[in-house]
Amino acid sequence: MRTIKPNFLADNIYEIDVDFYKHFNVRYIFADLDNTLDSYLLKVPSSKTIELIKKLKANNISLVIISNNSEKRVSKYAKILKVSYVSRAFKPFTFKIRKYMIKNHITADKTIFIGDQLLTDIKCANYLGIKSIYTKEIVSSNAFVTRLNKKRELKYKKALKNSKICQNWRDVYVNFKKS
């Protein structure tokens, strides 16, 4: 369980207030593409994603797409948003992402990883020593490989829910807003 335990939970990436990231001194958000930012069926970013990127950039936070999907798929999507990306990342393995971080002088303490899969996104974040936020998937349909992973992670998801070992980002946010 330790390798797949996220730091925080969220319904989706869009509900998270920018002040939450600022509180943790986040300068980089590593976000999964398919079913975290948008449906895997969408070839271009939704208006919701475009607005999110504008809001992040206005607050000096850079979003980097980290995807196991192909260069063709990820590059087209990222170029429209004018964001960096790592395609064919082979999550949960970290070698391509570490290489990207070193090349771009990105440190784990200034980064948060957001994704909808425990066995790829959250596990990868934990291997990298990066805080993570586990989100619900945007749409219930998935590509074949993702459906297999989702099936495998059901028992872990249930254990996480029952154990109450991670907090919803809103609970943390409310607490630091009070102080």
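At a glance:
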read-out: Positive-end residue, the stretch 2-171 charge dipole about Cα centroid, Cβ charges, pick of I165, L52, I130; value: I130
read-out: Estimated dipole of the stretch 1-140 in Debye, rounded to 20 [Cβ of Lys and Arg +1, of Asp and Glu -1, Cα centre]; value: 660 debye
read-out: Net charge of Cβ neighbours under 11 Å - reference D34; Lys, Arg +1; Asp, Glu -1; value: -4
read-out: Pairs beyond 26 Å (Cα-Cα), from K43/K91; K82/K131; K96/K177; K48/K96; value: K96/K177; K48/K96
read-out: Simple label model, 7 Å out from Cα along Cβ direction - K177 to A58, nm; value: 1.7 nm
read-out: With eigenvalues of the C-alpha gyration tensor scaled by 5 and rooted, the stretch 24-129, Å; value: 19, 17, 12
read-out: Relative exposure of R88, R73, judged by other C-beta atoms within 10 Å (fewest first); value: R88, R73
read-out: Added length on full extension, which subtracts the Cα-Cα distance from 0.36 nm per residue, R170 to K79; value: 29.6 nm
read-out: Ranked by how many other beta carbons lie within 10 Å on average, peptides 26-35, 47-56, 5-14 from highest; value: 26-35, 5-14, 47-56
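A short reminder: the numbers here are calculations on the coordinates, not readings from a lab. Because the structure is predicted, anything quoted here is derived from the model rather than measured. Here the Cβ is made from the backbone with ideal geometry for all residues, glycine too, and neighbour counts use every protein chain on show.
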